[in-house]
Amino acid sequence: MKGKAEKNATRYEDFKYVLQDTGNLYLGAGFSYEELLEAEMVPFKLKAILSHYILKESSPDTTLESEFYYLKEDTFLYETYRQLKVKVKGQVQAEKRSLLGKTSLVYQEKVFTLPELTAMNLARKKASGMLIREIIISKLGMMTFSV
């Protein structure tokens, strides 16, 4: 039993990462807001935005995955993330046909903009088996955001 628990913990940690390139900041969706504030690799400006704007509307133990899964368009959080030019990388189930004509469900990776993500209601997200894996924050959006 102990071996299985350790494997699951490792798998959960796979979705807690911070990567950067010249134009974007990539955050694993397994992070909670509290963990993001404690992480060394998260830029100071993002930490300031989290503490000044986002944590006033959300709980520190909320994960990014659940925040974006249940995000609604008419909220202050949506406007904050829209100003940051956030995109969400997720996986949705899609049918795949084999050469013999059999169909099977497979997960396909897709990058959603915030309007695309919030246009899907909760029932459609559950029906498509949506999994949110990564949050992509534009560095330009973060640079132009005034704290």
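The values are calculated or read from the model by the stated rules, or taken from the named source; none is laboratory data. Just so it is clear, the structure is predicted and the values come from calculations on it, not from any experiment. Cβ: placed from backbone, ideal geometry, glycine included. Neighbour counts: every protein chain shown. Quick note on the areas: whole protein, heavy atoms, side chains included, nothing else; ligands and nucleic acids left out. Shrake-Rupley method; radii C 1.70, N 1.55, O 1.52, S 1.80 Å.
Just to be sure, is Val92 at pLDDT below 90 and in contact with a strand residue (DSSP E or B) (Cβ under 7 Å, 6 or more places away or on another chain)? So Val92 fails the test. Determine whether region 20-28 contains at least one residue that is in contact (Cβ under 8 Å) with a residue 12 or more places away in the chain, closer than 14 Å to Ile137 by Cβ, open to solvent by less than 70 Å² (accessible area, probe 1.4 Å) and in contact with a Pro (Cβ under 8 Å, 6 or more places away or on another chain). Within region 20-28, one or more residues are in contact (Cβ under 8 Å) with a residue 12 or more places away in the chain, closer than 14 Å to Ile137 by Cβ, open to solvent by less than 70 Å² (accessible area, probe 1.4 Å) and in contact with a Pro (Cβ under 8 Å, 6 or more places away or on another chain).
Look at (1) touching a residue at least 40 places away in the same chain (Cβ under 8 Å); (2) under 22 Å from Leu55 (Cα atoms) and you find that Leu131 fails only one, number (2).
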